[in-house]
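Chemist: Starting off with a structure, shown below.
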Amino acid sequence: FGILGTDEIKVSYPRSRGHEQEFFHAIRDKSKTPMSNFVTYSGPLTETILLGNLAVWKQGRVEWDAKTMTPLNDPSLMRIVKPSYHNGYELI
């Protein structure tokens with residue numbers, strides 16, 4: 001592609017009626033999945049944002065194993081991903 005904006009790609013996608021209308025229709029008819037179905041993307045979106053925060057904290061690239069939730073190229077990041085707590089304290 002050339003300079004930004006000179007070669008536009010035409011993409012066709014369904015338009016949302018707006019989140020209020022989607023919410024209303026999701027309550028009335030549970031068979032219709034709303035376009036902005038937060039349940040389907042909230043986990044991966046959160047993981048992506050937190051991974052970006054890890055990269056900013058490290059000031060570099062973080063290679064990530066999503067299945068085990070561990071950084072591959074810097075084991076020291078595990079203290080941020082899964083911190084250890086003082087004696088007698090735990091996260092439940």
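Chemist: Given the structure, is Phe24 under 30 Å from Arg79 (Cα atoms) and either modelled with pLDDT under 85 or among the hydrophobic types (A, V, I, L, M, F, W, C) (or both)? Reasoning before the result, please.
Modeler: Numbers: under 30 Å from Arg79 (Cα atoms): no; either modelled with pLDDT under 85 or among the hydrophobic types (A, V, I, L, M, F, W, C) (or both): yes.
No, not satisfied.
Chemist: Moving to a separate point now. Out of the range 81-92, which residues are hydrophobic (A, V, I, L, M, F, W, C) and open to solvent by 70 Å² or more (accessible area, probe 1.4 Å)? Working first, answer last.
Modeler: Going residue by residue through the range 81-92, those that are hydrophobic (A, V, I, L, M, F, W, C) are 81, 91-92.
Across the range 81-92, the qualifying residues are Leu91, Ile92.
Chemist: Something else about it: Scan the range 53-64 and tell me whether some residue there is modelled with pLDDT under 80 and not polar (S, T, N, Q). Steps first, please.
Modeler: In the first step, residues of the range 53-64 are kept if they are modelled with pLDDT under 80; the result is none.
There is no residue in the range 53-64 that is modelled with pLDDT under 80 and not polar (S, T, N, Q).
Chemist: Can you name every residue in the range 54-68 that is under 14 Å from the mean Cα position of the chain (by Cα) and surrounded by 12 or more Cβ atoms within 10 Å (Cβ to Cβ)? Please lay out each step first, then the result.
Modeler: First pass over the range 54-68, keeping only residues under 14 Å from the mean Cα position of the chain (by Cα): 54, 64, 66.
Matches in the range 54-68: Leu54, Trp64.
Chemist: Could you give me the residue pairs with C-beta distances under 7 Å whose first residue belongs to the range 40-68 and is in contact (Cβ under 8 Å) with a residue 12 or more places away in the chain, whose second residue is assigned to a loop (DSSP other than H, G, I, E, B) and open to solvent by 100 Å² or more (accessible area, probe 1.4 Å) wherever it lies, and which are 6+ apart or on separate chains?
Modeler: Trp64/Leu72
Chemist: Let me ask you something else. Between Thr70, Thr6, Thr40, Thr33, which is modelled with pLDDT of 85 or more and among the hydroxyl-bearing types (Ser, Thr, Tyr)?
Modeler: On the way: Thr6 fails: modelled with pLDDT of 85 or more; Thr40 fails: modelled with pLDDT of 85 or more; Thr33 fails: modelled with pLDDT of 85 or more.
Every option except Thr70 fails the conditions.
Chemist: Looking at the range 18-31, I want the residues that are without any contact (Cβ under 8 Å) to a residue 24 or more places away in the chain and of a type in the set (Gly, Ala, Ser) and have a partner that is part of a helix (DSSP H, G or I) and open to solvent by 60 Å² or more (accessible area, probe 1.4 Å) with Cβ atoms under 9 Å, at least 6 apart or on another chain. Which pairs are those?
Modeler: Partner pairs satisfying both residue conditions: none exist.
Each row is one residue, and each column tells you yes or no for (1) in a loop (DSSP other than H, G, I, E, B); (2) aliphatic (A, V, I, L, M); (3) closer than 30 Å to Glu20 by Cβ.
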| position | (1), (2), (3) |
| --- | --- |
| Lys32 | yes, no, yes |
| Val39 | no, yes, yes |
| Glu47 | no, no, yes |
| Asn53 | no, no, no |
| Gly60 | yes, no, no |
| Thr68 | yes, no, no |
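The values are calculated or read from the model by the stated rules, or taken from the named source; none is laboratory data. Source: prediction; values computed, not measured. Every residue, glycine as well, gets a Cβ built from its backbone with ideal geometry; the counts of neighbours run over all protein chains shown. Just the protein is used for accessible areas: all its heavy atoms, side chains included, with ligands, DNA and RNA removed. Shrake-Rupley method; radii C 1.70, N 1.55, O 1.52, S 1.80 Å.
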